[in-house]
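The values are calculated or read from the model by the stated rules, or taken from the named source; none is laboratory data. Bear in mind the structure is a predicted one, so any value in this text is a computation, not a measurement. Here the Cβ is made from the backbone with ideal geometry for all residues, glycine too, and neighbour counts use every protein chain on show.
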Amino acid sequence: MSNRLFRAAGGLSLAAWLLWTPLAFAQGNEPKPPEKPPAAGQEPAKEPQKVDEFAEAQRAVTGPAGNPECVWLGRRVVNLLWRDDLDTAFRHLDLYDRFGCPSAHIQASFRCLILHGNNIDPKAADSLNGRIHACWINPAAPAMPPPAPPAANPPPKG
């Protein structure tokens with residue numbers, strides 16, 4: 001009896017495998033529609049902004065610190081230093097140096113960021129990136145005073 005039961009179980013397993021195998025292969029053979037390349041002249045929304053930032057930096061910063069590769073790597077290094085990711089910052093700094101970019105500009109930009117750091121919203125990435133870009137363009141910008149506390153309402157007279 002157990003021999004018949006064993007053969008029946010084996011036959012059922014084989015039948016199940018034969019039924020499911022073609023179905024499993026058939027699922028992955030659907031051709032995907034080709035992705036449409038962007039039409040000529042259309043670029044992702046952030047690309048023109050990045051190009052404008054690099055062009056602005058190249059106009060405002062003299063010397064190699066205004067080169068696009070120096071701007072891109074340098075701003076990353078300053079961002080990583082701000083976020084205390086020193087290992088990654090130093091790896092980026094090695095690349096920055098390898099491209100012949102001036103390390104003094106990173107120091108000046110980071111100093112500017114520290115002096116202006118009290119105005120950065122930690123939850124808004126654009127706030128930090130904007131401040132880093134502003135410090136990269138003009139690292140000698142005067143430190144902004146901390147925001148004044150709201151004035152307390154005087155007690156009503158009467």
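Selection of region 107-122 for residues being out of contact with any Ser or Thr (no Cβ under 6 Å at 6 or more places or on another chain), of a type outside the set (S, T, N, Q) and modelled with pLDDT of 75 or more yields 108, 110, 111, 112, 113, 114, 115, 116, 117. Within region 92-123, the residues that satisfy the criterion of being surrounded by 18 or more Cβ atoms within 10 Å (Cβ to Cβ) and touching a Leu at 6+ places or on another chain (Cβ under 9 Å) are 92, 93, 96, 101, 106, 110, 113. Taking the conditions exactly as written (exposed (fewer than 12 other Cβ atoms within 10 Å of the Cβ) and either in a helix (DSSP H, G or I) or modelled with pLDDT under 90 (or both)), does residue 16 satisfy them or not? Yes, satisfied. Evaluate the following for residue 134: is it within 20 Å of residue 75 (Cα to Cα), modelled with pLDDT of 75 or more and exposed (fewer than 10 other Cβ atoms within 10 Å of the Cβ)? It is false that residue 134 is within 20 Å of residue 75 (Cα to Cα), modelled with pLDDT of 75 or more and exposed (fewer than 10 other Cβ atoms within 10 Å of the Cβ). For region 113-120, indicate whether the set of residues that are part of a helix (DSSP H, G or I), touching a residue at least 60 places away in the same chain (Cβ under 8 Å) and more than 18 Å from the chain's Cα centre (by Cα) is non-empty. No, that holds for no residue.
Tallying residues that are assigned to a helix (DSSP H, G or I) and of a type in the set (D, E, K, R) within region 121-143 yields 2.
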